[in-house]
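S.K.: Here it is, the structure, as structure tokens.
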Amino acid sequence: MTTSAGVATAPYGELAATLRGSLIMPADPGYDEARAVYNAMIDKHPAAIARCRDTADVITCVRFAREHGVELAVRGGGHNAAGLGVWDNALVIDLSLLRSTTVNPQNHTVRADAGCTWGDVDHATVAFGMATPSGFLASTGVPGLTLGGGIGYLSRRFGLTVDNLLSADVVLADGTFVTASENSHADLFWALRGGGGNFGVVTSFTFRCHDIGDHGTIIGGPVLYDLADTPSVMRWYRELLPSLPEELSGFIALMTIPPAPPFPEELWGRKSCGIVWCYTGPHDRADEVLEPVRSYGSPLLVGLQPMPFSMLQSAFDGLYPAGLQWYWRADFFNEISDAAIDVHVTYGEQLPTGHSTMHMYPIDGATSRVPEDATAFAYRDGGWAGIIVGVDPDPANAGLISQWARDYWQELHPASAGGAYINFLMEEGRDRVKASYRDNYDRLTQVKDRYDPGNTFHINQNIPPASGSNP
Ligand SMILES: Cc1cc2nc3c(=O)[nH]c(=O)nc-3n(C[C@H](O)[C@H](O)[C@H](O)COP(=O)(O)OP(=O)(O)OC[C@H]3O[C@@H](n4cnc5c(N)ncnc54)[C@H](O)[C@@H]3O)c2cc1C
């Protein structure tokens, strides 16, 4: 990421007059609300926020920014923890009004416009008994999650979100519009599948969908253990997961049991090691597949139950509303080593606030069968995407949660595979971005050179063009 002074003198009045959507300026009443993103630790003051109504508005903004030398930020769901959907002095292309979805049940596809959240997409597809792989939370934006890769409950069985992307409509840096797919602008399509927002503004995505569960009803929920059981639960989980059918996935977490229903009152506030499971196979096999999960150890709570996939996806949305303080650090892990488990035990005991947590998301099954150079997303050799998340509603605790996450990460990092999922990076510098793309990095810089040689799109985990332009 780079910054430069925005051009406050750009003729925003002219831009406002040409947009179908609205242009929100610092003096406007809705400005503070419009510049706020999911992570309340982010406090950026853009020059203007364009609430685009259609693709034409996006093209107009890209051309305006280039003509007047204004920095561009692009906001989808605004969920990025590093706050890359908004930037000081920039013109923000805000896509949040573009929330249309179209399901084609015959072709098993869904088209989602770039302002959709995953809740919008699940709502549309689960009605047809289908879903496309996304994440673990419904409120996350479709564009940012997709462009970084997309790791979720369905990834063991059907791959990452990008492995199910069929095409994307893109406004390029020169203001032209293309549709990228395997058959059209294949180099761009390759880069979009993991390369983040570096290559243009995507206005619409088309995904492949899959039949799941019993017409969209899956069996899922948390199984929680006492925090003291963390070492044995983690060892059991790391051995068990590879032996499970890919219809069953589960991420492991260290957490505090939320003080609210449906959790039993006697468990409220208790620290815990847990796994959130999701079984998407046929229900007549569920008992057999879930047997090892149900029979292990002495759980505090077994919350497995049938529910629409969309309900599991949105289960944590109430716990994590927009406007909390977030600081997180991440890495990929090829294994959960004994040394790593020791670190998890230490920092699990020190969870600084009730919302703070650690998650390890499986990167295996269908995800790891895709060759590393088939898409920009490079870490496919098995293991987990780990994330340490300091969260709290109170800004006074920002330092506390950040320090805990940094200390935890520092001690855990030697057990990692080196890079991190780019959607989980904070502002950590170019070497971390490079490490996250492994051997795909150079090819990404070449595609960047072809589609955005001036690095117009640099408010992101930036990949500079091979020729070196870097505003
Ligand atoms: C609570 C929480 C839970 C999460 N869970 C998961 C998870 O389960 N799985 C997972 O894979 N990730 C997860 N993430 C990470 C998530 O994928 C990223 O934060 C992602 O950036 C969010 O996308 P967004 O559209 O909401 O982001 P925004 O903040 O709007 O944008 C993020 C980045 O994407 C770029 N961008 C946004 N829209 C476009 C567009 N249309 N065209 C081009 N570039 C664009 C922006 O410029 C910016 O650089 C989670 C994040 C949070 C905060």
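The values are calculated or read from the model by the stated rules, or taken from the named source; none is laboratory data. On a predicted model such as this, the values are computed, not experimentally measured, just so you know. Here the Cβ is made from the backbone with ideal geometry for all residues, glycine too, and neighbour counts use every protein chain on show.
S.K.: Say we look at the range 392-420 and pick out the residues that are closer than 24 Å to ILE459 by Cβ and buried (at least 23 other Cβ atoms within 10 Å of the Cβ); which of these is nearest to the ligand (Cβ to nearest atom)?
M.R.: So the residue we want is ALA420.
Here's the yes/no breakdown for (1) of a type outside the set (D, E, K, R); (2) within 30 Å of HIS108 (Cα to Cα):
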site	(1), (2)
GLY213	yes, yes
GLY216	yes, yes
GLY221	yes, yes
ASP229	no, no
ALA253	yes, no
ILE257	yes, no
TRP268	yes, no
GLY274	yes, no
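S.K.: Of the residues TRP87, TRP118, which is within 24 Å of THR176 (Cα to Cα), of a type in the set (Phe, Trp, Tyr) and within 10 Å of the ligand (Cβ to nearest atom)?
M.R.: None of the others qualify; the one that does is TRP87.
S.K.: Next question. So how many residues does the range 438-471 have that are within 15 Å of the ligand (Cβ to nearest atom) and not in a loop (DSSP other than H, G, I, E, B)?
M.R.: 4
S.K.: Being modelled with pLDDT under 95 and farther than 15 Å from THR203 by Cβ is the requirement here; does ALA90 meet it?
M.R.: Criteria not met by ALA90.
S.K.: Go through the range 238-255 residue by residue and tally those that are buried (at least 19 other Cβ atoms within 10 Å of the Cβ) and of a type outside the set (A, V, I, L, M).
M.R.: Total satisfying the criteria: 5.
S.K.: For ARG111, state whether it is at pLDDT 95 or above, closer than 17 Å to GLY200 by Cα, of a type in the set (Lys, Arg) and within 16 Å of the ligand (Cβ to nearest atom).
M.R.: No: the conditions fail for ARG111.
S.K.: Return the residue satisfying two criteria in turn: it lies in the range 410-421 and is among the hydrophobic types (A, V, I, L, M, F, W, C) and either touching a Gly at 6+ places or on another chain (Cβ under 9 Å) or outside any helix (DSSP H, G or I) (or both), and of such residues it is nearest to GLU349 (Cα to Cα).
M.R.: LEU412
S.K.: Specify which of the listed residues (SER204, SER232) is farther than 22 Å from PHE128 by Cα, among the hydroxyl-bearing types (Ser, Thr, Tyr) and either in contact (Cβ under 8 Å) with a residue 40 or more places away in the chain or surrounded by fewer than 17 Cβ atoms within 10 Å (Cβ to Cβ) (or both).
M.R.: Exactly one residue qualifies, and that residue is SER232.
S.K.: Okay, moving on. Of (1) under 22 Å from the mean Cα position of the chain (by Cα); (2) touching a residue at least 12 places away in the same chain (Cβ under 8 Å), PRO306 satisfies all except one. Which?
M.R.: All conditions pass for PRO306, except number (1).
S.K.: Give the residue, chosen from LEU23, LEU72, LEU19, that is of a type in the set (A, V, I, L, M, F, W, C), within 15 Å of the ligand (Cβ to nearest atom) and under 29 Å from VAL121 (Cα atoms).
M.R.: Selected residue: LEU72, the only one of LEU23, LEU72, LEU19 that is of a type in the set (A, V, I, L, M, F, W, C), within 15 Å of the ligand (Cβ to nearest atom) and under 29 Å from VAL121 (Cα atoms).
S.K.: Can you tell me which residues in the range 234-278 are over 14 Å from ARG294 (Cα atoms) and of a type in the set (Phe, Trp, Tyr)?
M.R.: PHE251, PHE263, TRP268
S.K.: Quick one: which residue in PRO306, PRO262, PRO282, PRO352 is in contact with a helix residue (DSSP H, G or I) (Cβ under 9 Å, 6 or more places away or on another chain), more than 30 Å from GLU428 (Cβ to Cβ) and of a type outside the set (Gly, Ala, Ser)?
M.R.: None of the others qualify; the one that does is PRO306.
S.K.: For the range 174-186, check the following and say yes or no: at least one residue is surrounded by fewer than 24 Cβ atoms within 10 Å (Cβ to Cβ) and in contact with a Phe, Trp or Tyr (Cβ under 6 Å, 6 or more places away or on another chain).
M.R.: yes
Residue by residue, here is whether (1) away from the ligand (no atom under 14 Å from the Cβ); (2) assigned to a loop (DSSP other than H, G, I, E, B); (3) out of contact with any Gly (no Cβ under 9 Å at 6 or more places or on another chain) holds:
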position	(1), (2), (3)
LEU145	no, no, no
TYR153	no, yes, no
LEU166	yes, no, yes
VAL170	no, no, no
ALA180	no, no, no
LEU188	no, no, no
VAL223	yes, no, no
GLU246	yes, yes, no
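S.K.: Scan the range 299-322 residue by residue and report those that are part of a loop (DSSP other than H, G, I, E, B) and more than 23 Å from ASP120 (Cα to Cα).
M.R.: PRO299, LEU300, GLY303, LEU304
S.K.: Looking at ARG63, ARG99, ARG51 in this structure, which one is under 27 Å from SER314 (Cβ atoms), in contact (Cβ under 8 Å) with a residue 24 or more places away in the chain, more than 9 Å from the ligand (Cβ to nearest atom) and in contact with a Gly (Cβ under 7 Å, 6 or more places away or on another chain)?
M.R.: ARG51
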